[in-house]
Amino acid sequence: MKEPEGVSAIDFLRTRSLANVVQAEIERMIIEGELKPNERVNENALSQRLGVSRGPIREACSALGAMGLIEIIPNRGFFIRALSNDEALDLSKARAAIFGSLAMMLAETVTDETIAMLRGLLEKMEAFADVGDVHEYYPINLEFHRQISQAAGNQRLASLYQSFVRELHIQRYRALSTGDTLHVSNKEHRALVDALEARDPLVSLVAARGHILNGIKRTWEAGQPGDSVPAKAKIDPRSVGR
């Protein structure tokens, strides 16, 4: 990328680096609910809070817009994107299909090292599930899913999967924040790793897809914008393969 005229390469890289830090912080605020769906991003307030100029904030918001977390409305500004029930459901079902496919691919080539790494992540998640700490559990959960998508060996599918993950951050975080969901979620993770370790593609597909479909049900039970629960959000247990 070519730096703007009149700006040194060092200053340009410094600005880019700062924008990346600001982007990570705004993404965190969106995920954890500090910035609400449909809320307008107050650039001045963020500038004061983060101790940066409005330039890196605008650059970060533009990047988050490309990721689907922020909506850019001309002449009005940046707004936290709000998915409709149907949009979130369609994305979740697409994510389930892709994650199942990735797990099936991984089962055919998975190494003992990858299994050991996944089991290490399982133990970390279990520790935070025991104390009900969703704030610490969630990023490890993201890493668990990311490692499976990357290890499967199909970058096109992995990239598509991650794009869905970004758009569904708010819904997933909310679902994990209710009841004993952390232990239930991690039990499903264990079943998936067991299937991968058995090198069974079909069982891995069913476990991975079922985990996401069960997550859809948990998400709507946690309550979504619009309050109504779409009929098509009700998961038929037979479709999960159990």
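In table form, for the structure just shown:
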| item | result |
| --- | --- |
| Region 89-127-region 135-176 distance, computed between alpha-carbon centres (Å) | 10 Å |
| For Ile70, distant residues with modelled amide H under 5 Å away | Gly65, Arg81 |
| Cross-link partners of Lys124 among aspartates and glutamates (Cα-Cα below 12 Å; sequence separation of 8 or more within a chain) | Asp133, Glu136, Glu143 |
| Overall form of region 121-214 per C-alpha gyration tensor (a/c, 1.5; a/b vs b/c) | oblate |
| In sequence order, calculated HN-Hα J values of region 76-90 (Karplus, 6.51, -1.76, 1.60; Hz; x Gly/Pro) | 10, x, 9, 10, 5, 5, 10, 7, 6, 3, 5, 4, 5, 5, 4 |
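Just so you know, all these numbers are worked out from the coordinates, no wet-lab data involved. Everything numeric in this text was worked out from a predicted model, so none of it was measured.
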